[in-house]
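**Student:** Quick one: this structure, given as structure tokens, is what I'll be asking you about.
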Amino acid sequence: MTRTGDLLPSWRPGPTRDVLVDFLADATAVPTVDRVACFDNDGTLWCERPTYVQFDFFVDELTARAQEDPTIGSSPEFAALLSGDHAAIGELGLERIAFALTGLFEGTTASAFAARAREFMDRAVNAALDRPLRRVVYQPMLELLDELRRLEFTVAIVSGGGTEFVRAISQDLYGVPPELVVGTLIKYDFTRDDQERPVLRRTGHLEGDPNEGATKVTNIQTSLGRRPILAAGNSGGDREMLEWAAAVDGPSLALLVDHDDADREFRYLSAAETFAEPEPITDVGARLGWTIVSMARDWDQVFPPAVA
């Protein structure tokens, strides 16, 4: 018998919650090995406004470096960031800015990068929401992750963000182990230290394409080797992943988060960052019959309770 009283408590009663409850019940008939769920991160599991968390992390590093060496701001990308010139940032484009920021950690080991990411997350705050970044995760999605794990789902994060950044925090924030994070990959150089011990160091270049659009689907296959029966996202960068999950035989669910709550979070239409979309993602979802989550109507609570 399906539990209902304590199931997904932050999801308000209504059609969206009914779809989720029905899917969870139907999924018990699916072999455990095929119970796979893939979640986008930015805008799906945690807040991505006013800026992406990973972007804030890199800017924080840039600011610290500039205090030690002001000449680092000589490049147009870094000059725009350090001066807060939003017009220049817009002209350069987020993709170009992101590539420049990636170079800040060139030569860093994976463990040192992860430690720096965790240190940042321990102190950083979303100023617009006046909440620590660790507390801008979405409570209803945390409840869904927990319920999926209770049903023996393999839960993966499939993010457009950097794989190593998300891996550094995924277990702590979401209970997702690093090996189940699929994101944009950085290239590593295999070198040796002064004692001839092997060392991996980050480069300033990507391994393959940014993890958006169809690349998410191919990376799910190459990294996980299993097809999801549930996929959740919020932007055009998640479209193919949601289509991929929805097209399986048997129980499936494509879940699209609509940011329509200006009072508790932000109101905006999510969009892909690395390519133009011919159709708004909410229109795509409605046309394809996806389950569209209204943050304003479907979520009784957006964020976890404040820590005293």
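The values are calculated or read from the model by the stated rules, or taken from the named source; none is laboratory data. Note that the coordinates shown come from a computational prediction; the quantities given were computed from them, not determined experimentally. Note that each Cβ is placed from the backbone with ideal geometry, even for glycine, and that neighbours are counted across all protein chains shown.
**Student:** Looking for whichever is under 17 Å from the mean Cα position of the chain (by Cα), farther than 22 Å from Val36 by Cβ and among the aliphatic types (A, V, I, L, M) here; the options are Leu133, Leu144. Which one fits?
**Tutor:** From the options Leu133, Leu144, the qualifying one is Leu133.
**Student:** Scan the stretch 254-269 for residues that are acidic (Asp, Glu) and free of Cβ contacts under 8 Å to residues at least 40 places away in the same chain and jot them down.
**Tutor:** Matches in the stretch 254-269: Asp258, Asp260, Asp263.
**Student:** Which of the residues belonging to the stretch 221-241 are among the charged types (D, E, K, R) and under 21 Å from Thr274 (Cα atoms)?
**Tutor:** Asp238, Arg239, Glu240
**Student:** Hey, can you tell me all the residues within the stretch 3-48 that are assigned to a helix (DSSP H, G or I) and among the charged types (D, E, K, R)?
**Tutor:** Just the residues of the stretch 3-48 that are assigned to a helix (DSSP H, G or I), to begin with: 15-27, 32-34.
Listed by number, the residues that qualify are Arg17, Asp18, Asp22, Asp26, Asp34.
**Student:** List the strands (runs of 3 or more DSSP E) inside the stretch 115-223, counting only whole elements, that have at least 2 residues being crowded, with 22+ Cβ neighbours inside 10 Å, touching a strand residue (DSSP E or B) at 6+ places or on another chain (Cβ under 8 Å) and in the same structural domain as Asp40 (by TED's automatic domain parsing).
**Tutor:** On the way: elements: 154-162, 181-184, 186-192, 198-206.
Here the list reads 154-162, 181-184.
**Student:** Another question, if that's okay. Which members of the stretch 49-76 meet the condition of being without any contact (Cβ under 8 Å) to a residue 40 or more places away in the chain and either assigned to a helix (DSSP H, G or I) or surrounded by 15 or more Cβ atoms within 10 Å (Cβ to Cβ) (or both)?
**Tutor:** Once the filter is applied, which keeps residues that are without any contact (Cβ under 8 Å) to a residue 40 or more places away in the chain and either assigned to a helix (DSSP H, G or I) or surrounded by 15 or more Cβ atoms within 10 Å (Cβ to Cβ) (or both), the stretch 49-76 yields Thr63, Ala64, Arg65, Ala66, Gln67, Glu68, Pro70, Thr71, Ile72, Gly73, Ser74, Pro76.
This table checks each residue for (1) in the same structural domain as Val21 (by TED's automatic domain parsing); (2) hydrophobic (A, V, I, L, M, F, W, C).
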{"residue": "His259", "(1), (2)": "yes, no"}
{"residue": "Thr282", "(1), (2)": "yes, no"}
{"residue": "Leu288", "(1), (2)": "yes, yes"}
{"residue": "Phe303", "(1), (2)": "no, yes"}
{"residue": "Ala306", "(1), (2)": "no, yes"}
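**Student:** Here's something else I'd like to know. Only one of Phe39, Phe58, Phe23 is closer than 22 Å to Arg116 by Cα and out of contact with any His (no Cβ under 7 Å at 6 or more places or on another chain). Can you tell me which?
**Tutor:** Phe58
**Student:** In the same structural domain as Thr154 (by TED's automatic domain parsing) and closer than 17 Å to Gln139 by Cα: is that true of Leu24 in this structure?
**Tutor:** no
**Student:** OK, next. Please pick out the residue among Leu144, Leu94, Leu82 that is in contact (Cβ under 8 Å) with a residue 40 or more places away in the chain and more than 30 Å from Pro251 (Cβ to Cβ). Can you show your working first?
**Tutor:** Values: Leu144 fails: more than 30 Å from Pro251 (Cβ to Cβ); Leu82 fails: in contact (Cβ under 8 Å) with a residue 40 or more places away in the chain.
After applying the criteria, what remains is Leu94.
**Student:** I need a count of the residues in the stretch 247-280 that are of a type in the set (A, V, I, L, M) and farther than 13 Å from Leu230 by Cβ.
**Tutor:** Residues flagged as of a type in the set (A, V, I, L, M) and farther than 13 Å from Leu230 by Cβ within the stretch 247-280 amount to 6.
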